[in-house]
Amino acid sequence: MKRYLMIILPVLMFTGCKNNNVDPNPTTTCLAENAINEGIIPASAVKTIIDSYTSNQLPGITFLARKGDKYWQYNSGVLNKDSGKPMRPCLVWPGYSITKMYTATAILKLAELGKISLDQKINTCLPANLLSKIPDANKITIRMLLNHSSGIEDYWHNSEYVEGYVENPARTYEVGDYLEAGKRRFFEPGTDVYYSNTNYLILSLIIDHITNQRHEISFLKYIYNPLELSDTFYKELPTNLVKDTPRLYADVEGAGRLIDFTDLSYVQFRNESGSNSIFATPKDFVDFIHGLSHGKLLNAQSFSEMKKEYAGNDYADVYGLGLEFYEKNGSKMYGYAGSSFGGRTLLLYNPKTDVSFFIGVNAGAELGGPVLEKIAAMMEEIATKLAN
């Protein structure tokens, strides 16, 4: 969704997971007992940070880290404010913009296989009926979509679209609606950076066209299957898993008052493509970024391309090809942050320590305010603690 402060850093932020009667023990169920090792991170400090925020305004937080073949997880607060049910492991979480990493990985794999070129103009890899809705398609490359240097308007920055969404968040949107809301161009392609969800919608459409299949088939073929991610889903969950998700709460006015936004969040997940709508357990999320970082999905040249940094003219924003970068205490971590009404997530890998970690919060505040400030502060504290 819209890019608000997610984590404040120097320049800014296994199977059998369906047990419905799990106590909120930080080391139970989803992981084999011999896979759990509290020593892979400063676990006590992370626990203290998380508990301090769930006791002060944030409803629930889940955390999971991986180093090598060892994991450590912790859960605090509640998954349902009404029932008071405690947050627990094994829940399936929406990833929000973490989805962009999956879309980018599929695109890079197609380039690796010779199906497309990263510097190919997008007017050569989209159907004619869509090109009329994408101005400057003959100037914009796939790489520019990936690193947000296309200049394409983010539909979440289109005031008419946002007003319509706020008025009726249950509405069904079509691809054409999003492309219409992203018609403005803010600069010449390749001359600056500007975060745009529309870029990743278009990337998903390119995958559809090039493969002649829905892009989620490429997710399955190039990501889920190679990593054996059995608890990762897209757009919709199997009916039997809906109960294994946290309720999602939104501070829609930025005033600190949380309302249940779960059902409306799922409408958004069904609507959006490429930029949003991945669901996974925390374990599947960290296994994804671990596998990506250890050569399980892309070859060395493709992954090197993915990590190339592209900075805007003011150097405030720096993006890779489907990656965001976070620096703290001399460590540069990469991954992605996700957010929308109802929740916030963060998935990062620290090459210095070989630690991957996921944070999920079942609250969101896209218009700022005290809830957003709490989430940003909590994620900054944890990232700082895991930087070295």
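The values are calculated or read from the model by the stated rules, or taken from the named source; none is laboratory data. Owing to the predicted nature of the structure, the values given are computational and were not obtained by experimental measurement. As a convention, Cβ positions derive from the backbone with ideal geometry for all residues, glycine included, and neighbour counts pool all protein chains shown. Only protein heavy atoms, including side chains, enter the accessible area calculation; ligands, DNA and RNA are left aside. Shrake-Rupley method; radii C 1.70, N 1.55, O 1.52, S 1.80 Å.
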When only residues in the range 45-69 that are closer than 15 Å to Thr384 by Cβ and not aliphatic (A, V, I, L, M) count, which is nearest to the chain's Cα centre (by Cα)? Phe63
Those residues of the range 347-357 which are out of contact with any Lys or Arg (no Cβ under 7 Å at 6 or more places or on another chain), outside any loop (DSSP other than H, G, I, E, B) and within 17 Å of Asn329 (Cβ to Cβ), in sequence order: Leu348, Tyr349, Asn350, Phe357
Could you please let me know if Lys374 is open to solvent by 20 Å² or more (accessible area, probe 1.4 Å), out of contact with any Pro (no Cβ under 6 Å at 6 or more places or on another chain), part of a helix (DSSP H, G or I) and of a type in the set (Lys, Arg)? yes
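Condition check ((1) outside any loop (DSSP other than H, G, I, E, B); (2) crowded, with 20+ Cβ neighbours inside 10 Å) across all residues:
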residue	(1), (2)
Trp72	yes, yes
Asn80	no, no
Gly84	no, no
Arg88	no, yes
Ile98	yes, yes
Thr103	yes, yes
Ala106	yes, yes
Please determine whether any residue of the range 56-70 is in a helix (DSSP H, G or I), among the aromatic types (Phe, Trp, Tyr), modelled with pLDDT of 95 or more and open to solvent by less than 50 Å² (accessible area, probe 1.4 Å). no
Out of Gly335, Gly368, Gly360, I need the residue that is within 17 Å of Phe63 (Cα to Cα), out of contact with any Lys or Arg (no Cβ under 9 Å at 6 or more places or on another chain) and outside any helix (DSSP H, G or I). Which one? Gly335
Does the range 125-184 hold any residues that are of a type in the set (S, T, N, Q), assigned to a strand (DSSP E or B) and farther than 23 Å from Glu112 by Cα, and which are they? none
Within the set of pairs 6 or more residues apart or between chains, which connect a residue that is under 16 Å from Tyr96 (Cα atoms) and outside any helix (DSSP H, G or I) inside the range 280-299 to a residue that is open to solvent by 20 Å² or more (accessible area, probe 1.4 Å) and not hydroxyl-bearing (Ser, Thr, Tyr) with Cβ atoms less than 8 Å apart? Ala280/Phe233
Taking the options Pro26, Pro94, name whichever one is modelled with pLDDT of 95 or more, within 24 Å of the chain's Cα centre (by Cα) and open to solvent by less than 60 Å² (accessible area, probe 1.4 Å). Pro94
Those residues of the range 342-369 which are open to solvent by 10 Å² or more (accessible area, probe 1.4 Å), of a type outside the set (Lys, Arg) and at pLDDT 95 or above, in sequence order: Tyr349, Pro351, Thr353, Asp354
Could you list, in sequence order, all residues of the range 327-341 that are touching a helix residue (DSSP H, G or I) at 6+ places or on another chain (Cβ under 8 Å) and open to solvent by 10 Å² or more (accessible area, probe 1.4 Å)? Lys328, Asn329, Phe341
Among (1) in contact with a strand residue (DSSP E or B) (Cβ under 6 Å, 6 or more places away or on another chain); (2) assigned to a helix (DSSP H, G or I); (3) not aliphatic (A, V, I, L, M) - the single one Pro226 does not satisfy: (1)
Checking Asn34 against (1) assigned to a loop (DSSP other than H, G, I, E, B); (2) open to solvent by 30 Å² or more (accessible area, probe 1.4 Å); (3) at pLDDT below 95; (4) not small (Gly, Ala, Ser), only one condition comes out false. Which one? (1)
Kindly indicate whether Ala311 is of a type in the set (Gly, Ala, Ser), touching a Pro at 6+ places or on another chain (Cβ under 9 Å) and open to solvent by 10 Å² or more (accessible area, probe 1.4 Å). no
